Amino acid sequence: MSEPLALVTTGLSKSYRTGHIIQGRRPALQDLDLEVRTGEIFGYVGPNGSGKTTTLKLLTGLLKPDRGDARVLGEPLASRAWRFRAGYLPEHPYLYDYLTAAEYLDYAGRLFGLAASVRRERTRSLLALVGLERSADLPLRRFSKGMVQRAGLAQALVNDPELVILDEPMSGLDPIGRRLVRDIILGLRKAGKTVFFSTHILSDAEALCDRVAVLRAGRLLKVGALGDLLRIDVEHMEIFVSGVAPDAPGLGAMRRERVGDRLRIEVEERELGRAVAAVEAAGGRVLSVQPVRQTLEDYFFREMGAATGGAAAWGEG
Amino acid sequence: MTRGLAVLLLLLVPVVPWSQGQIDRRAGAFRPQEEVLYLWSGRQVKRLFPGFEALAADIYWLRTVQYFGGQRRFAAGKRFDLLLPLVEITTTLDPRLEIAYRYGAIFLSEPVPLGAGRPREGVEVLAAGTRNLPGSWRLRQDLAFFHYIYLKDPQRAAAILLEATEIPGAAFWLRTLAADLLAKGGDRATSRRMWSQMYEQGEAGVIRENAKFRLQILDSLDAADHLAGLVAEFERRRGRRPARLAELREAGLSGVPLVDLAGTPFGYDEKSGRVFISHESPMWRPE
Amino acid sequence: MSRLLAVAANTFRETVRERVLYNLVFFAILMTLSGLLLGQLSIRQDEKILKDIGLAAMDLFGVLIAVFMGTGLVSKEIERRSLYPLLAKPLTRGEFFLGKFAGLAFTLLVNLAVMTAGLYLTLLATGRRPDPGLLAAIYPILLGLLLVVAFAMLFSTVTSSAMAAVLTVGVAVAGRFTDVVRNMREVAPGTPPWLSEALYSLLPNFRNFDFKDRVAYGDAVGGDVLVWVTAYAVAWIGVVLGLGLASFRSRDFQ
């Protein structure tokens, strides 16, 4: 059975009580209407405290909503039926440190009612998938943060779920780990699964997601395909050059940014020729030319109303 | 809370007092302090509670009072052989626990069923108290009273009272009481004064009620004497003694009820003309 | 049900791995020392002393385990958030809660069983008859421990593990002085009877589980008494666990 929508929320709201003597209410999430389509990778982004984790906890039953409803994999939120078909990785997962990774996965499998042979097989393959096969019999107490994170991802997949909910899946991972997780997520989509993950690292969302929802202060700001949210600015071009010092003459007032041993220069389209000439005159090489693409971060900061980056990132010539 | 859970809880709650009652009935609501017997003496117990002796004394004392006094006032089956060890342990743990000496002495001295009927031990306890608390005139006062009331030794009682008068803060009337004892060898009025003191000095509870009861016995004895006087008057008028006390009423001599303060009719011996508290009465005490 | 048993089995595994059962080592040492030392003392009393020490140690160690594991079971899981990945699975809160209780109950049973064997062995080794009557005191001790665990778990759902431990110890101690509460009118005669009765009913009466003195003297304990003690324990445990479960179910994990 396949639903067109893996996840639907309507008017989902939650507020927290604050204060001890005088109790106020702080709204953490307000009127969330969201749809996640089957088979897509859906990113849920927003600054810390914007309500991302609250949403995920509401979905997984750690919190009870004040108002609103949701349907997961076609079932009502309160039903247990969909939990057999979904997997969840919490933020900063804490797994029982007195168990080994294999034992934890086996325990998780038992909670799904999986047969012993299935549990054995899944444990083996999942640990291999997340790169922990050599640490299978190590107590989780001895795992590094990154290893625990990967073990957490493994336990989220033990039941071969149709929907995978991940809260900050990249946290605590080194670049190799991040690559691994990215590949796993892409692999899940390839297998027809739906992935719903929250992150505050925008580049991850950019790299993986089909669609993205942006959250701010508990409210949904915008939802859409990345291509729709971000624009391609056709009036400005960005050139990647090498072998040129940032303070080289002739580059004038163009914005420039050092990226590794290369320089990224932003020019208006009509100045493109002049810029290229200036670079070559200074002895450099033009590596690439393309229209400026707004990053999710740019979009974010614009929408959030904060200033773009820091002055240090951009050298004004 | 789900309805099922709420129902389950509601069903379980009354089981608690019900089963408690069943257990009390079978195993005894107040299981005796046998383990105390096992703990030899006060000195050994004291070694068990270094630094917490006062608290331990309080706990022992609470146990003692509850077991021997109060609602169990007239209960059967109290183990009086435990009383002296308990008092001894308590006062060893905390020699300055004045109330333990006073109460302990009463419980030991009063006749069964309230107390153990062992006044010598009660006096011993008070004597130990006066040694440990030489500044307490009350303990000496009690010791004197006990010598008089239970051991029937007014001379010794007077001597102790005089000692007590030396203590600063002692009540002024101790001296006159001592004088009375020496002069008359003690009488009902003296007893009355002693019991009145104990009544006034006691906090609400067993001691006070016991003193009150004792005073009522004295009142009843007075009433009996009064009736005996009326019997004599009857004899003078009619030339014979009444066959029953009720005749006094019929003769119009007595408007006074013919029962003691416990409501039991007085006993009357026609031959001797004596009116006395009946053996049936809870007020009866051996002479 | 199988999920509940899975939680219970894992809980037992936790207590084993967290070396809770090491207290048995101390118990064994205590028994051995007592057995050796008491051989020197007076002839009549030492068997009773040995039994008293054994039973008292079972009770004491048991209460300590019950308090510290019981509060750790739930509040530590909440504080460390280790139950987050678990609750998202088809495991219900009730299965988790009751599974934890079952696991710890089994741990206590094993603990007491080993201690019982140790006590009997010590008795045998010092030339005394192992007295089956001791079981009549050990079984109520187990019931009392289960009630302590239930309280520990209840308090864990509403407060931190440290506070829950304090409260549980408080209940365990106060519950041994319930006769003082019931007879408080002896020492505070102004107390209205309904108040002392109410307080008495609200506190669990742990003296109901205390047959140590009787058994050490060799007095028989009626089977009917044990039945009613069991009923009392089941009722109290049911109520406390029920309240704990309701509290755990309604809790938001912020």
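The values are calculated or read from the model by the stated rules, or taken from the named source; none is laboratory data. Quantities reported herein were computed from a predicted structural model and do not represent experimental measurements. Here the Cβ is made from the backbone with ideal geometry for all residues, glycine too, and neighbour counts use every protein chain on show.
Would you check if A:Leu95 is part of a loop (DSSP other than H, G, I, E, B), within 22 Å of A:Lys145 (Cα to Cα) and among the hydrophobic types (A, V, I, L, M, F, W, C)? Steps first, please.
Details: part of a loop (DSSP other than H, G, I, E, B): yes; within 22 Å of A:Lys145 (Cα to Cα): yes; among the hydrophobic types (A, V, I, L, M, F, W, C): yes.
Answer is yes for this residue.
So if I check each of A:Arg83, A:Arg141, A:Arg119, which one is touching a helix residue (DSSP H, G or I) at 6+ places or on another chain (Cβ under 6 Å) and within 13 Å of another protein chain (Cβ to nearest Cβ)?
A:Arg119
Looking at A:Val276, is it surrounded by 12 or more Cβ atoms within 10 Å (Cβ to Cβ), at pLDDT 70 or above and more than 25 Å from the chain's Cα centre (by Cα)?
Numbers: surrounded by 12 or more Cβ atoms within 10 Å (Cβ to Cβ): yes; at pLDDT 70 or above: yes; more than 25 Å from the chain's Cα centre (by Cα): yes.
Yes.
For the range C:118-136, which residues satisfy the criterion of being over 21 Å from the mean Cα position of the chain (by Cα), in a helix (DSSP H, G or I) and small (Gly, Ala, Ser)?
C:Ala125, the sole residue that qualifies.
Residues are listed down the side, and each one gets a yes or a no for (1) among the polar types (S, T, N, Q); (2) in contact with a helix residue (DSSP H, G or I) (Cβ under 7 Å, 6 or more places away or on another chain); (3) over 30 Å from A:Gly187 (Cα atoms):
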residue: A:Glu3; (1), (2), (3): no, no, no
residue: A:Ala6; (1), (2), (3): no, no, no
residue: A:Thr18; (1), (2), (3): yes, no, yes
residue: A:Ile21; (1), (2), (3): no, no, yes
residue: A:Arg26; (1), (2), (3): no, no, yes
residue: A:Val36; (1), (2), (3): no, no, no
residue: A:Phe42; (1), (2), (3): no, no, no
residue: A:Ser50; (1), (2), (3): yes, no, no
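Any residue at all in the range B:164-176 that is farther than 18 Å from B:Tyr101 by Cα and buried (at least 21 other Cβ atoms within 10 Å of the Cβ)?
Yes: one or more hits.
Which fully enclosed strands (runs of 3 or more DSSP E) of the range A:1-68 have 3 or more residues being among the small types (Gly, Ala, Ser) and surrounded by 14 or more Cβ atoms within 10 Å (Cβ to Cβ)? Working first, answer last.
Details: elements: A:5-18, A:24-37, A:41-45.
In the range A:1-68, the matching strands (runs of 3 or more DSSP E) lie at A:5-18.
Return a yes/no flag: does the range C:138-150 have any residue that is surrounded by fewer than 24 Cβ atoms within 10 Å (Cβ to Cβ), of a type outside the set (Asp, Glu), without any contact (Cβ under 8 Å) to a residue 40 or more places away in the chain and over 19 Å from C:Leu73 (Cα atoms).
no
Tell me the residue from C:Arg128, C:Arg182, C:Arg176 that is closer than 16 Å to C:Gly54 by Cα, out of contact with any Cys (no Cβ under 6 Å at 6 or more places or on another chain) and among the charged types (D, E, K, R), please.
Working: C:Arg182 fails: closer than 16 Å to C:Gly54 by Cα; C:Arg176 fails: closer than 16 Å to C:Gly54 by Cα.
So the residue among C:Arg128, C:Arg182, C:Arg176 that is closer than 16 Å to C:Gly54 by Cα, out of contact with any Cys (no Cβ under 6 Å at 6 or more places or on another chain) and among the charged types (D, E, K, R) is C:Arg128.
If the Cβ limit is 7 Å and pairs must be 6+ apart or interchain, which residue in the range C:241-254 that is farther than 18 Å from A:Thr55 by Cα pairs with which residue that is part of a helix (DSSP H, G or I) and aromatic (Phe, Trp, Tyr)?
Matching pairs, first to second residue: C:Leu241/C:Phe101; C:Gly244/C:Phe97; C:Leu245/C:Phe97; C:Phe248/C:Phe97.
Residue under question is C:Glu95, and the condition is that it be surrounded by fewer than 16 Cβ atoms within 10 Å (Cβ to Cβ) and of a type in the set (D, E, K, R); does it hold? Outline the logic, then answer.
On the way: surrounded by fewer than 16 Cβ atoms within 10 Å (Cβ to Cβ): no; of a type in the set (D, E, K, R): yes.
No, not satisfied.
I'd like to check something: does the range A:39-49 contain any residue that is closer than 30 Å to C:Ala6 by Cα, among the aromatic types (Phe, Trp, Tyr) and modelled with pLDDT of 90 or more?
Let us first name the residues in the range A:39-49 that are closer than 30 Å to C:Ala6 by Cα, namely none.
Looking through the range A:39-49, none of the residues is closer than 30 Å to C:Ala6 by Cα, among the aromatic types (Phe, Trp, Tyr) and modelled with pLDDT of 90 or more.
Any idea which of (1) within 14 Å of chain C (Cβ to nearest Cβ); (2) among the β-branched types (Val, Ile, Thr); (3) surrounded by fewer than 19 Cβ atoms within 10 Å (Cβ to Cβ) is the one B:Val259 doesn't satisfy?
The single condition B:Val259 does not satisfy is (1).
Please return the ranges of helices (runs of 4 or more DSSP H) entirely within the range C:137-254 where 2 or more residues are more than 11 Å from chain B (Cβ to nearest Cβ) and closer than 18 Å to C:Ile65 by Cα.
On the way: elements: C:161-174, C:178-182, C:184-187, C:193-202, C:212-216, C:223-250.
Because the criterion is at least 2 residues that are more than 11 Å from chain B (Cβ to nearest Cβ) and closer than 18 Å to C:Ile65 by Cα, the helices (runs of 4 or more DSSP H) in the range C:137-254 that meet it are C:161-174.
Just the residues that are of a type in the set (D, E, K, R) and not in a loop (DSSP other than H, G, I, E, B), please, taken from the range C:1-21. So that I can check it myself, show each step before the final result.
Let us first name the residues in the range C:1-21 that are of a type in the set (D, E, K, R), namely C:3, C:13-14, C:17-19.
Answer for the range C:1-21, where residues must be of a type in the set (D, E, K, R) and not in a loop (DSSP other than H, G, I, E, B): C:Arg3, C:Arg13, C:Glu14, C:Arg17.
Residues to consider are B:Phe172, B:Phe145; find the one that is modelled with pLDDT of 85 or more and out of contact with any strand residue (DSSP E or B) (no Cβ under 9 Å at 6 or more places or on another chain).
Working: B:Phe172 fails: modelled with pLDDT of 85 or more.
Exactly one of B:Phe172, B:Phe145 is modelled with pLDDT of 85 or more and out of contact with any strand residue (DSSP E or B) (no Cβ under 9 Å at 6 or more places or on another chain), namely B:Phe145.
Filter the range B:7-24 down to the residues that are facing chain C (nearest Cβ under 8 Å) and farther than 21 Å from C:Leu226 by Cα, then identify the one that is surrounded by the fewest Cβ atoms within 10 Å (Cβ to Cβ).
This residue is B:Leu8.
Go through (1) crowded, with 17+ Cβ neighbours inside 10 Å; (2) in contact (Cβ under 8 Å) with a residue 12 or more places away in the chain; (3) within 12 Å of chain C (Cβ to nearest Cβ) for A:Tyr107 and report which single condition fails.
Only one criterion is unmet by A:Tyr107, namely (2).
Quick check on A:Gly131: is it within 23 Å of the chain's Cα centre (by Cα) and surrounded by fewer than 18 Cβ atoms within 10 Å (Cβ to Cβ)?
Working: within 23 Å of the chain's Cα centre (by Cα): yes; surrounded by fewer than 18 Cβ atoms within 10 Å (Cβ to Cβ): yes.
Here the answer is yes, as A:Gly131 does meet what is asked.
So that you can scan it fast, the table gives a plain yes or no per residue for (1) within 32 Å of the chain's Cα centre (by Cα); (2) buried (at least 16 other Cβ atoms within 10 Å of the Cβ); (3) in a helix (DSSP H, G or I); (4) free of Cβ contacts under 8 Å to residues at least 24 places away in the same chain:
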{"residue": "B:Thr190", "(1), (2), (3), (4)": "yes, yes, yes, no"}
{"residue": "B:Tyr199", "(1), (2), (3), (4)": "yes, yes, yes, yes"}
{"residue": "B:Asn210", "(1), (2), (3), (4)": "yes, yes, yes, no"}
{"residue": "B:Leu215", "(1), (2), (3), (4)": "yes, yes, yes, yes"}
{"residue": "B:Ser220", "(1), (2), (3), (4)": "yes, yes, yes, no"}
{"residue": "B:Asp225", "(1), (2), (3), (4)": "yes, no, yes, no"}
{"residue": "B:Arg236", "(1), (2), (3), (4)": "no, no, yes, yes"}
{"residue": "B:Ala243", "(1), (2), (3), (4)": "no, no, no, no"}
{"residue": "B:Gly252", "(1), (2), (3), (4)": "no, no, no, yes"}
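Do you know which residues across the range B:189-206 are acidic (Asp, Glu) and at pLDDT 80 or above?
The first filter runs over the range B:189-206 and keeps only residues acidic (Asp, Glu), leaving B:200, B:203.
B:Glu200, the sole residue that qualifies.
Looking at C:Glu14, C:Glu77, C:Glu18, which one is among the acidic types (Asp, Glu), surrounded by fewer than 22 Cβ atoms within 10 Å (Cβ to Cβ), in contact (Cβ under 8 Å) with a residue 60 or more places away in the chain and out of contact with any Pro (no Cβ under 8 Å at 6 or more places or on another chain)? Can you show your working first?
On the way: C:Glu77 fails: in contact (Cβ under 8 Å) with a residue 60 or more places away in the chain; C:Glu18 fails: in contact (Cβ under 8 Å) with a residue 60 or more places away in the chain.
On inspection, the qualifying residue turns out to be C:Glu14.
Please report, ordered by residue number, the helices (runs of 4 or more DSSP H) entirely within the range B:98-176 with at least 1 residues that are within 15 Å of the chain's Cα centre (by Cα). Walk me through it before giving the result.
Values: elements: B:98-109, B:119-132, B:137-149, B:154-165.
Fully inside the range B:98-176 and qualifying: B:98-109, B:119-132, B:137-149.
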